[in-house]
Every structure is written in C-alpha cells, then in structure tokens.
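Below is one structure, written out as structure tokens, with a few remarks after it.
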Amino acid sequence: MKIACIGAGYVGGPTMAMIALKCPEIEVVVVDINEARIAAWNSDKLPIYEPGLLEVVQEARGRNLFFSTDVNKHVGEADIVFVSVNTPTKTRGVGAGKAADLTYWEGAARVIASVSKSSKIIVEKSTVPVKTADAIEKVLRRNCSNPSVQFEILSNPEFLAEGTAIEDLMAPDRVLIGGKDTESGRAAIATLASVYEHWITKDRILCTNLWSAELSKLTANAFLAQRISSVNSISALCEATGADVQQVSRSIGTDSRIGPKFLNASVGFGGSCFQKDILNLVYICETVGLQQVADYWHQVILMNDFQKQRFVERVISAMFNTISKKKIAVFGFAFKKDTGDTRETPAIDVCRGLMADGANVCVYDPEVEDNQIYQDLGTEKFEWDHPSPRSAPISKTAIAISHDPMEAARDAHAICVLTEWDQFKSYDYQAIYDSMVKPAFIFDGRNILDHTKLRDIGFIVYALGKPLDPFLQKQYD
Ligand code: NAD
Ligand code: UDX
C-alpha cells in the first residue's frame with residue numbers, strides 16, 4: 001500500500017510520520033508545493049517545533065517515510081491520498097472574515113483528478129465546512145479523464161493539539177472516520193481503519209457518516225474554545241468580586257459532568273484553529289438561516305477579543321494610566337507552550353495594544369523566530385496564511401526582541417507573561433526585580449508564577465482572575 005499526503009504542515013507532517021512509524025510496510029510520502037518546507041522536513045531542523053517529532057521522523061525517514069515536492073508522481077501512485085492543506089478564513093469576497101477559504105483544497109482535488117490513473121481513497125484531513133466532501137467529489141469526478149478511476153471520499157479530521165502532537169497521535173482519545181454507507185464506502189472505511197489499527201484499538205475508531213465527521217471537527221473546536229471563553233468571562237467577574245478563578249475552575253472541574261481539563265483562564269486563546277473554525281461554523285449557520293445559532297457561537301470569539309483587550313487595559317490602568325515610553329518585557333509570543341507557532345496568538349493583539357499606547361515592547365520567546373514576530377505584528381487580521389501587500393513586516397525598530405529573558409526585563413517597568421512556557425517559572429525573579437525600574441509590575445496572563453513569592457520580592461503582581469494585589473486595589477478604590 002502507498003499513502004500520499006498533500007500538505008506538509010503542522011498536521012500532514014506529524015500525522016504521516018506517526019503512520020509511517022507504526023506501519024513499516026506502508027510507503028508514506030508527504031508532498032508539498034513549498035520547496036523550503038520539504039527541504040526542512042528532509043533535514044534535522046524540521047519546519048515545526050514539536051516535542052518528540054524529530055525522533056519519530058528520524059526513525060522512519062528514508063525507510064518508509066519520504067518528503068517530496070513531486071506532487072504528481074506520488075499522488076498518482078498512491079492508493080490512499082490524505083489532503084491536509086490549509087483551509088484558512090477567507091480574507092476577501094463573499095464570506096470574508098468568516099467562511100473557510102477552500103482554494104487550496106480544491107486545487108489539491110484538481111491535481112488528484114488530473115494525475116490519477118488508478119482508483120483511490122481520498123481522505124479529508126483538513127478541517128472543512130460540513131458538506132465539503134460533496135463538492136470535492138464533483139471536482140474529482142468531473143476532472144478525471146479516466147472513466148475507470150473511482151474515488152471514495154472519507155472524512156478523517158485530526159484532533160491533535162500543537163505542543164502535544166506526538167502524544168496525541170500516539171494515543172488519541174479517538175480516531176474519527178466518516179464515509180458513505182455503501183459497499184465501496186464501507187470498504188474504504190475498513191481500509192483506512194486498518195491503517196490506524198496498527199496501534200489504536202478498534203473501540204477508539206469511531207465510524208460515522210461523512211457529514212457527521214465533518215461537523216464533529218468544527219463542533220469539537222467550538223466546544224473547547226467555548227470552555228476557555230466561559231472561564232475567561234468568569235475571570236473578569238472574579239477580579240471584580242474577589243473570587244479566585246483557579247479556585248472556581250477547580251471547584252467546578254471536580255463535577256464529573258464538567259471535568260477538569262481546559263478550564264485555565266488565560267489572556268485569550270490563540271492558534272490556527274479555534275477562531276477560524278468557529279467563524280466557519282458561524283458562517284455555515286448564517287447560510288442555512290440559523291442566525292441565533294450563529295450569534296451564540298460568535299460570542300465565543302467576542303469574549304476572547306474582550307479578554308485580550310481587558311488585559312491591555314489592565315496593564316495601562318495599573319501603571320498609572322500611562323505606558324508611553326516605558327519598557328515592557330513580554331515573556332512568550334507563541335500561542336501556547338512547546339510550540340514555535342504564532343498563528344492567532346494573543347500576544348499579537350496584546351503587543352499591538354501596548355505599542356499603540358506608546359510602550360517600548362521587548363519580546364522574549366524561547367522558540368519563535370524574530371522575523372515571525374515582525375511579520376505577525378504587521379499582518380492584517382486573517383491574512384497570516386497568505387499575506388497581501390498590506391501585510392508587510394513592521395520595522396525592526398518598532399519593537400525590540402531579545403534572546404535572553406534577563407536582558408528583556410532589564411530596565412523594564414513591567415513584565416507581561418503571555419505564554420505558559422515552563423522555563424518562566426524557574427527564573428531568578430529577585431535578580432530580575434533588581435534590574436527593573438520601580439515600582440516593578442508583573443502581569444501574569446497565564447497564572448503560572450508564584451505570586452506570593454513575587455510579592456515578597458517587591459513586585460506588584462496582576463494575576464489574571466485572582467483577587468487584586470492590594471497596591472492595585474487601592475488604585476481602583
Ligand atoms: P499548514 O499551513 O501548516 O500546512 C498546509 C500545507 O499545505 C502548506 O505547507 C501548503 O504549502 C500546503 N499546500 C497547500 N496547497 C497545496 C497543494 N495544492 N499541493 C501541495 N501542497 C499544498 O496547515 P496545518 O496547520 O497543517 O493545517 C492543515 C489543516 O488541518 C487545516 O485545515 C487545519 O484547520 C487542520 N488542523 C490543524 C491543526 C493544527 O494544530 N494546526 C489541528 C487539526 C486540524
Ligand atoms: C486545538 C484543539 O485542542 C485540537 O484538538 C485541534 O485539533 C486543533 O486546535 P491547538 O490550537 O493546537 O489545538 O491547542 P490547544 O491546546 O487547544 O490550545 C488552544 C489555545 O487555547 C491556546 O492558546 C491555549 O493556550 C489556550 N488554552 C487552552 C487556554 O487558554 N486555556 C485552557 O485551559 C486550554
């Protein structure tokens with residue numbers, strides 16, 4: 001059996017590496033039009049940072065795992081073609097700012113149709129609007145000149161989270177496969193399931209119809225993001241009342257119906273998926289006339305925007321209503337720990353908000369490349385996937401970037417913790433405090449630091465969703 005995967009990104013690369021690792025008798029080729037990305041996958045500096053990924057790639061690469069730019073050859077030869085291309089939010093035209101841009105998906109389908117000389121199973125790995133399989137099937141059938149070639153489309157959404165991709169792929173809560181309830185549909189589902197059964201037990205492989213699988217992915221992300229917006233909304237109320245959001249999270253999380261995970265209040269959720277997929281869901285609801293349902297889910301995004309704005313306003317108001325020309329160190333730019341990914345990271349909005357008020361921002365992140373930060377801060381909303389000329393990188397003088405946290409904090413008035421990197425917990429905060437301008441502030445947007453210890457050192461600490469520091473409380477009274 002030969003598998004080809006179109007798209008060597010955050011999903012295609014790790015997912016195929018795991019399949020190759022676990023199925024040594026299957027040849028797996030990941031193809032992409034991006035030559036630099038493929039070259040990086042073929043090197044020991046992989047294009048994405050993901051704990052454990054390099055080891056998995058190194059074990060399978062050259063044995064039965066290959067990365068190539070020869071899309072036509074490998075797709076043409078494959079029995080199963082995974083499509084794991086980007087499906088970003090549309091930035092122009094009908095549905096701009098909400099609908100999924102399926103340009104890359106349709107482009108991939110046209111390539112498959114044009115190079116196929118044998119029948120294939122086509123697997124939707126990308127997150128797509130419900131009913132996409134219907135459209136893709138039409139594109140495939142109408143563009144394939146060989147009448148003997150049959151395509152069976154399956155939906156197999158990916159649930160991995162960045163930073164834990166290898167763990168998630170190794171032991172997923174479930175694998176979801178949607179397909180048609182026909183003889184050939186059932187056979188295709190069984191073939192794909194047999195790949196996963198190399199390391200996942202049958203009871204964790206769920207089979208549904210196509211539309212349920214497509215919609216389940218959007219729904220899962222909407223529910224996860226909703227939990228964060230819900231707890232973030234409560235964090236604002238905690239600050240207003242003296243309750244502690246971590247205590248509230250723990251209290252409600254012990255209810256087995258609610259569960260303890262995904263209840264960490266934060267400066268806001270980021271990442272390439274949550275906002276995009278909820279907006280996509282909102283758009284689908286609007287197009288089928290369900291405005292109330294659309295509004296319900298849209299509120300999750302609005303609450304997330306409110307949380308980021310609220311954080312910036314808290315920084316400004318705490319620092320005597322002026323941050324102009326004050327150095328503010330930002331610890332963490334990635335959208336979560338253990339990844340160098342910055343897509344939709346809350347740090348973009350927070351840095352922009354601080355810079356708009358005149359602060360001299362200095363960013364430290366252990367994994368994010370400098371150029372990525374310059375690019376992100378100049379990119380228009382939703383354009384990160386395909387920047388237009390409007391989205392030019394900001395000037396290197398507009399923001400400072402440091403590769404040393406001590407240096408980032410030196411002479412700063414404040415530190416904002418925006419990513420929950422473990423290393424931030426173990427810094428020498430006494431030494432950091434000594435090097436800062438007084439009063440020295442810490443705004444912990446992830447609640448990872450030891451706030452009592454920091455207050456003992458002398459910091460004025462803002463801990464998100466927790467009773468206000470007495471110094472701050474006095475200011476607001
Ligand atoms: P990505 O942008 O990192 O990778 C997509 C890749 O597809 C790019 O390298 C691009 O060059 C390539 N590509 C686009 N069109 C192509 C074509 N016609 N031929 C060959 N290559 C082509 O995207 P990603 O983060 O891997 O996400 C892929 C899909 O998976 C999206 O639909 C996303 O919503 C979904 N998803 C992502 C995550 C995640 O954590 N990133 C998790 C689950 C699902
Ligand atoms: C998400 C989904 O979890 C995953 O199943 C899907 O396949 C892709 O989208 P990802 O975006 O990689 O994964 O990371 P995730 O762990 O979900 O975190 C998303 C954002 O929410 C991050 O910014 C994270 O810091 C934030 N978050 C998460 C919180 O603010 N609080 C939490 O309790 C959990």
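The values are calculated or read from the model by the stated rules, or taken from the named source; none is laboratory data. Remember, it's a predicted structure, so these values are computed and weren't measured experimentally. Note: ideal-geometry Cβ built from the backbone for every residue, glycine included; neighbour counts use all protein chains shown.
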Does region 338-367 hold any residues that are within 16 Å of ligand 1 (Cβ to nearest atom), of a type in the set (Val, Ile, Thr) and within 20 Å of VAL312 (Cβ to Cβ), and which are they? THR342, THR345
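Using the structure shown, decide if GLU27 is surrounded by 18 or more Cβ atoms within 10 Å (Cβ to Cβ), among the acidic types (Asp, Glu), touching a residue at least 40 places away in the same chain (Cβ under 8 Å) and within 24 Å of ILE200 (Cα to Cα). It would help to see each step written out before you state the result.
Details: surrounded by 18 or more Cβ atoms within 10 Å (Cβ to Cβ): yes; among the acidic types (Asp, Glu): yes; touching a residue at least 40 places away in the same chain (Cβ under 8 Å): no; within 24 Å of ILE200 (Cα to Cα): yes.
Answer is no for this residue.
So which of GLU158, GLU162, GLU152 is in contact with a Lys or Arg (Cβ under 6 Å, 6 or more places away or on another chain) and either crowded, with 22+ Cβ neighbours inside 10 Å or outside the structural domain of THR15 (by TED's automatic domain parsing) (or both)? Give the derivation first.
Working: GLU162 fails: in contact with a Lys or Arg (Cβ under 6 Å, 6 or more places away or on another chain); GLU152 fails: in contact with a Lys or Arg (Cβ under 6 Å, 6 or more places away or on another chain).
Going through GLU158, GLU162, GLU152 in turn, the sole match is GLU158.
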Can you list the helices (runs of 4 or more DSSP H) found entirely within region 121-223 that contain at least 3 residues being within 15 Å of ligand 2 (Cβ to nearest atom)? 165-170
Can you list residue pairs whose Cβ atoms sit under 8 Å apart, with the first residue in region 33-58 being on the phi > 0 side of the Ramachandran plot and the second being surrounded by 13 or more Cβ atoms within 10 Å (Cβ to Cβ)? Count only pairs 6 or more apart in sequence or on different chains. GLY52/ILE166; GLY52/GLU167
Which one of GLU239, GLU197 is crowded, with 16+ Cβ neighbours inside 10 Å, away from ligand 1 (no atom under 16 Å from the Cβ) and in the same structural domain as ASP134 (by TED's automatic domain parsing)? GLU197
Can you work out which of the residues in region 1-24 that are assigned to a helix (DSSP H, G or I) and near ligand 1 (Cβ under 10 Å from one of its atoms) is surrounded by the most Cβ atoms within 10 Å (Cβ to Cβ)? GLY13
Per the filter on region 438-464, residues part of a loop (DSSP other than H, G, I, E, B) and among the aromatic types (Phe, Trp, Tyr) are PHE459
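Among the residues of region 414-437, is any within 18 Å of ASP244 (Cα to Cα) and not in a strand (DSSP E or B)?
no
Taking region 348-369, which residues are part of a loop (DSSP other than H, G, I, E, B) and within 17 Å of THR397 (Cα to Cα)? Can you show your working first?
Going through region 348-369, the residues part of a loop (DSSP other than H, G, I, E, B) turn out to be 357-359, 365-369.
Matches in region 348-369: ASP357, GLY358, ALA359, GLU369.
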Which numbered condition in (1) within 16 Å of ligand 1 (Cβ to nearest atom); (2) part of a helix (DSSP H, G or I) is the only one that VAL248 fails? (1)
Subset of region 388-413 [among the acidic types (Asp, Glu) and in a helix (DSSP H, G or I)]: GLU407
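May I ask you to verify whether VAL56 is more than 13 Å from ligand 1 (Cβ to nearest atom) and outside any helix (DSSP H, G or I)?
Numbers: more than 13 Å from ligand 1 (Cβ to nearest atom): yes; outside any helix (DSSP H, G or I): no.
No; evaluated as a whole, the condition is false for this residue.
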Given the residues ASP370, ASP349, ASP357, ASP338, which is the only one that is assigned by TED's automatic domain parsing to the domain that holds ARG314, within 17 Å of the chain's Cα centre (by Cα) and more than 20 Å from LYS98 (Cα to Cα)? ASP338
If the requirement is being touching a residue at least 40 places away in the same chain (Cβ under 8 Å) and surrounded by fewer than 21 Cβ atoms within 10 Å (Cβ to Cβ), which of these qualifies: HIS386, HIS451, HIS403? HIS386
Search result, residues across region 32-63 that are of a type in the set (D, E, K, R) and surrounded by 14 or more Cβ atoms within 10 Å (Cβ to Cβ): ASP32, ARG37, GLU50, GLU59, ARG61
Subset of region 331-358, residues at pLDDT below 95 and surrounded by 24 or more Cβ atoms within 10 Å (Cβ to Cβ), comes to THR339
Report, ordered by the first and then the second residue, all pairs with beta carbons closer than 8 Å, sequence separation of six or more or different chains, a first member in region 104-118 that is assigned by TED's automatic domain parsing to the domain that holds ASN34 and more than 16 Å from PHE82 (Cβ to Cβ), and a second member that is assigned to a loop (DSSP other than H, G, I, E, B) and of a type in the set (Asp, Glu). SER118/ASP79
